[in-house]
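Q: This structure is in structure tokens; I'll ask about it shortly.
The values are calculated or read from the model by the stated rules, or taken from the named source; none is laboratory data. Model, not experiment: these values are computed from the prediction. We place every Cβ from the backbone using ideal geometry, glycine too, and count neighbours over all the protein chains shown.
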Amino acid sequence: MRNWLGLLLLVLCFAACNKKGETTPCSSDQPTVRKIVNKNAIVRVTATATEPVYLTEAGTIDSRLIPCTLALEYYLDGLEVVISGDVKASIQAATGPCCAEPIVLTSIQK
């Protein structure tokens, strides 16, 4: 059941991030604010459609990296991974989560 919920949330996030002509928090067109290279992170799975999964960098407490795309094999809460990618400028909205930054992953490993 948990896998189906994760799949549904992934599909909803993917559909929301791929609307043509719109800039979304997962847009690779946003300016890159920093690069991450081979940094340890933990996958966190939520029960929300707006943020179904996020990554927490090692050594941080309250920041979240929202991957623009993430394979379902990584949808395991608490999974330790090593990531590289471009952290994009976030578009904060009143309804969006605080302290969340979109990331275009270039590499992720278990």
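Residues are listed down the side, and each one gets a yes or a no for (1) modelled with pLDDT of 90 or more; (2) among the β-branched types (Val, Ile, Thr):
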{"site": "Thr48", "(1), (2)": "no, yes"}
{"site": "Thr56", "(1), (2)": "yes, yes"}
{"site": "Pro67", "(1), (2)": "yes, no"}
{"site": "Leu70", "(1), (2)": "yes, no"}
{"site": "Ser84", "(1), (2)": "yes, no"}
{"site": "Leu105", "(1), (2)": "yes, no"}
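Q: Looking at (1) outside any loop (DSSP other than H, G, I, E, B); (2) without any contact (Cβ under 8 Å) to a residue 12 or more places away in the chain, find the lone condition where Tyr54 falls short.
A: Failing condition for Tyr54: (2).
Q: Yes or no: Thr60 without any contact (Cβ under 8 Å) to a residue 24 or more places away in the chain and in a strand (DSSP E or B)?
A: Taking the combined requirement at face value, the residue does not satisfy it.
Q: Before we move on, is Val43 surrounded by 12 or more Cβ atoms within 10 Å (Cβ to Cβ), in contact with a helix residue (DSSP H, G or I) (Cβ under 8 Å, 6 or more places away or on another chain) and touching a residue at least 40 places away in the same chain (Cβ under 8 Å)?
A: Against the criterion (surrounded by 12 or more Cβ atoms within 10 Å (Cβ to Cβ), in contact with a helix residue (DSSP H, G or I) (Cβ under 8 Å, 6 or more places away or on another chain) and touching a residue at least 40 places away in the same chain (Cβ under 8 Å)), Val43 does not qualify.
Q: I'm trying to understand the selection: among the residues of region 52-70, which are of a type in the set (A, V, I, L, M) and farther than 22 Å from Gln30 by Cα?
A: Ala58, Ile61
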